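Quick notes on the structure that follows.
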Amino acid sequence: MMTRRMQTWGRIAGVPAILLLIRVYPERPLRDLVPQSTSVWSADGELLRATLASDEQYRLWTPLHEMSPALVDAFRLKEDRWFYWHPGVNPVSLIRAARSTWQGHGRQGGSTLTMQLARLVYHLNTKTPAGKLKQSAAALWLEARYSKRSILEAYLNLAPFGGNIQGVGAASRIYFGKPPSQAGLGEAITLAVIPQRPAARAGRGVQQSRLLAARTHLAHYWLHSNHATDSERRQLELPVLAQPDSALPLNAPHFTDAILRANPGLAGRIDTTLDAGLQRLVERQIDRYLNQFGERGIRNAATLLVDYRDMSVKSWVGSADYMNQRIHGQINGVLTKRSPGSTLKPFLYALALDQGVLHPRTILRDAPTSFGPFTPENFDGNFIGPIPAQDALIRSRNIPAVWIATQLRQPDLYQFLESAGVGNMKRESYYGLALALGGGEVTMEELAGLYAMLANQGVMRPLRTRPSEAKRDGVRLLSPEASFITIDMLSHNPRPGEDGSLAPRGRWPIAWKTGTSWGFRDAWSAGIVGPYILVVWIGDFEAQGNPSFVGADAAAPLFFRLADALNLQKPDEIMKAPDPPPGVSRVAVCAESGDLPNKYCPQTVETWYIPGKSPIRVSQLHRAVAIDIRTGLPACPPYAPNATRQEIFEFWPSDMMKLFREAGMPRRKTPAMPDCAVADAGGVPKIATPLRGVTYTLRHKSGAETIPLEASTDADVESVFWFDGAVLIAKSAVTHGAIPWTPVADGMHLIRVIDDHGRAAERDVTIRFAD
């Protein structure tokens with residue numbers, strides 16, 4: 001007897017233990033029991049886009065704390081007032097519903113909110129007694145496994161709202177154009193009456209009248225059950241109807257296209273780095289700009305905004321209008337390969353700074369020049385002559401850029417772009433020197449990464465579109481010193497309509513560059529704007545040329561509209577120009593030559609240089625000449641007392657004097673120097689062509705093909721002699737320019753040039769004859 005009683009009490013005591021085990025045993029979250037739509041969210045918490053779930057339903061799971069209290073209370077009032085008091089099944093409601101049905105008073109719902117959730121989750125047929133029993137058992141099972149809060153949240157996310165709309169997350173946005181957190185009392189009451197009969201109450205026409213009747217009934221019940229304020233009464237008196245006039249948002253469509261393509265098959269919430277507020281700001285500015293200049297054929301634009309501090313994408317506009325088929329608006333301009341024009345030149349100069357080719361005040365030659373078979377021209381068809389490197393960059397002169405490209409060694413521009421991750425590049429020989437002028441193709445994403453690398457002191461990091469992506473250390477491609485000096489040079493590029501001499505107080509520092517592709521197909525403006533990298537493209541996806549597609553005229557104005565709008569949007573974000581790294585110094589150089597001033601230099605300017613790299617030497621441009629007072633000619637020593645005076649002359653090389661003449665800036669002619677006259681030492685000739693390290697291939701030996709011989713000489717030189725080994729090729733006046741040379745044999749040739757003062761230079765040249 002005692003044993004039987006102990007067994008009975010053991011079974012009774014085991015029931016709570018079993019229930020406790022069921023309660024605490026790990027269970028799949030309710031949201032994982034049904035497929036979810038993929039939803040893409042901005043960093044500031046806005047839904048950008050949602051797709052259908054795998055079962056063709058719109059279902060946006062929304063946590064309970066992100067639903068308005070009015071919405072939750074309205075559903076509890078309509079569906080289950082005793083939700084927090086029953087174990088999943090309400091016997092009183094079930095008996096009342098069964099009696100009403102048995103007595104012929106019509107069907108009356110007796111299901112609790114938990115029972116309805118069980119039907120939705122387990123797809124139960126509850127129209128039969130057996131089905132209702134299964135539903136009750138499933139409800140008890142859910143209550144034993146999940147908290148009341150989890151069950152309520154799941155029901156509100158799975159309730160049917162007509163068609164393929166499930167859950168308040170999708171319904172509130174589709175019917176009222178707002179998230180559930182912003183649903184007011186009137187909208188909450190309207191939504192609460194739909195799930196009971198979604199087919200009859202969600203839609204137009206007669207469905208609206210049925211919806212209004214059900215809503216009015218629930219509103220009266222709410223007023224009877226609550227102490228309503230005047231505001232709540234007014235909300236309930238308004239006939240708030242649910243019409244599917246709104247739609248789920250399609251914001252930043254090109255960006256969300258890229259996100260969804262990068263995460264195929266991923267369901268649920270995808271958080272991104274995009275700032276919805278900045279996205280709208282950029283889109284507004286683009287729309288206004290295109291409306292203003294559409295008559296010039298400027299109808300499409302793309303932009304990319306990146307915070308270079310953490311490499312997060314903040315705004316992404318792939319075209320001016322995603323839905324506009326006339327401009328092929330669904331093409332993603334951010335990911336499309338286009339010719340970048342001159343926007344790559346800053347990296348050419350940065351490499352030259354790192355390799356000791358130049359500093360910002362190095363004087364470059366902007367003159368007609370042939371680089372082997374390549375003879376580039378400037379965009380404006382003109383030549384400036386001698387120009388400091390900084391001015392050559394910001395004025396986008398092509399000939400200095402190509403010359404710099406010929407001076408680069410390891411890496412050259414092609415190797416640098418490969419290291420930076422620019423994809424789908426053809427072999428290097430395909431581009432040749434034209435790569436320096438935008439002869440290749442990059443995406444806006446790649447270009448933004450390159451400018452961010454400058455802002456990050458030469459370290460290349462990948463762009464981030466999701467906060468879950470790790471921040472990488474990156475790869476160093478440039479020195480901090482070269483990056484800083486390049487940014488400093490670009491910061492002197494004046495805004496359109498300004499001379500760049502004075503920046504208004506509070507304005508972010510901007511370092512920027514424009515670009516125009518061949519044939520006027522693409523207009524670019526790219527640069528560093530405060531804490532951001534901003535890239536702007538104006539063009540046509542059909543690659544149709546338009547004379548209006550000029551970087552400085554078409555892209556730059558939009559670039560600065562966006563830059564100023566961003567600056568105003570972030571008034572508390574104070575930015576200053578970057579501090580110089582320890583490895584750079586300021587030095588005074590002679591303004592005319594760009595070299596360290598000798599005692600005769602009349603004017604100096606300061607510039608940045610990299611000790612141990614930058615080509616700093618003492619200037620020999622300004623030299624003192626003793627002039628015979630009686631004859632006005634250079635005098636020979638020894639000088640008689642009071643018989644001579646000292647004058648300072650500029651001893652420009654012959655090719656530079658020619659440039660000055662052609663540019664309309666004549667210089668004082670250096671007097672003819674007798675052999676006995678004393679002036680500071682001149683320089684040896686500098687061979688311009690043939691090029692160093694180039695193999696010249698001639699098609700035949702008929703003599704029709706020639707190679708130009710040209711050298712730059714000191715100002716006191718009148719003629720030069722050219723030799724092929726020991727064989728005289730020609731004697732030429734320095735004013736004559738290049739002379740043609742016809743090789744008679746292939747192989748290695750030693751080309752020497754000697755000026756009329758005996759100073760010489762030489763270069764090895766390789767000749768090949770094609771069959």
P(r) for region 324-428: what percent of alpha-carbon pairs falls in each 10 Å bin, starting at zero? 13, 39, 30, 13, 5, 0
Between V475 and R586, what is the label-point separation in nm under the 7 Å Cα-to-beta-carbon projection? 3.7 nm
Please compute the modelled spin-label separation between S548 and I574, points set 7 Å along Cα→Cβ, answer in nm with one decimal. 4.2 nm
Ranked packing of 78-91, 307-320, most packed first, by mean Cβ within 10 Å: 307-320, 78-91
Which one, L60, A523, P87, projects farthest toward the positive side of the charge dipole computed for the chain from Cβ point charges (K/R +1, D/E -1)? P87
I'd like to check one number: the per residue accessible area of region 508-626, probe 1.4 Å, reported in Å² as a whole number. 40 Å²
Between W141 and D44, take the C-beta separation as r, use R0 = 51 Å, and let me know the FRET efficiency to the nearest 0.05. 0.80
Under 25 Å from the Cα of K314, which lysines turn up, not counting those fewer than eight places away in the same chain? K178, K337, K471, K513, K570, K576
Using the basic label-point model (7 angstrom from Cα toward the beta carbon), what is the R31 to D628 distance in nanometres? 9.9 nm
Would you mind putting 596-602, 413-419, 629-635 in packing order, based on average other-beta-carbon counts within 10 Å, highest first? 413-419, 596-602, 629-635
Could you order the peptides 168-178, 340-350, 472-482, 261-271 from most to least packed, using the average number of other C-beta atoms within 10 Å per residue? 340-350, 168-178, 472-482, 261-271
HN-Hα J couplings of region 369-375 from phi, Karplus 6.51/-1.76/1.60, θ = phi - 60°, integer Hz, Gly and Pro as x? 9, 9, 10, x, x, 9, 10
Binned Cα-Cα distances of the chain, short to long, each 10 Å bin given as a whole percent: 2, 11, 16, 16, 13, 11, 9, 7, 5, 5, 3, 1, 1, 0, 0
Region 127-161: trypsin sites (Lys or Arg not before Pro) in DSSP loop, at most 12 other beta carbons within 10 Å: K127
Starting from a Cα-only point model with no solvent, please compute log10 I(q)/I(0) by Debye for region 401-453 at q = 0.17, 0.22, 0.25, 0.32 1/Å. -0.51, -0.86, -1.09, -1.41
Taking amide hydrogens as modeled 1.01 Å from N in the peptide plane, which residues meet the under 5 Å criterion relative to R476, leaving out close sequence neighbours? M460
Can you run phi through the Karplus equation (6.51, -1.76, 1.60; θ = phi - 60°) for region 711-727 and list ³J(HN,Hα) in whole Hz, with x for Gly and Pro? 9, 9, 10, 6, 5, 8, 9, 10, 8, 9, 10, 9, 10, 9, x, 9, 8
Whole-Å distance, taken between Cα centres, linking region 338-408 and region 410-426: 19 Å
Please list, by residue number, every one of the GluC sites (Glu not before Pro) in region 539-622 that is coil in DSSP and has at most 12 other beta-carbon atoms within 10 Å. E542, E573
What does the helix-only formula give at 222 nm for the chain: each DSSP H stretch with n ≥ 4 adding -39500 (n - 2.57), the total divided by the residues, and the result rounded to the nearest 500 deg cm²/dmol? -9500 deg cm²/dmol
By how many nm would the segment from W85 to D287 lengthen if fully extended, with 0.36 nm per residue of separation less the alpha-carbon distance? 67.1 nm
Expressed as cubic angstrom per residue, what is the convex hull volume of the alpha carbon set of region 531-592? 197 Å³
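The values are calculated or read from the model by the stated rules, or taken from the named source; none is laboratory data. Quantities reported herein were computed from a predicted structural model and do not represent experimental measurements. Neighbour counts run over all protein chains shown; Cβ positions are idealised from the backbone, glycine included. The accessibility values were calculated without ligands, DNA or RNA, using every heavy atom of the protein model including side chains. Shrake-Rupley method; radii C 1.70, N 1.55, O 1.52, S 1.80 Å.
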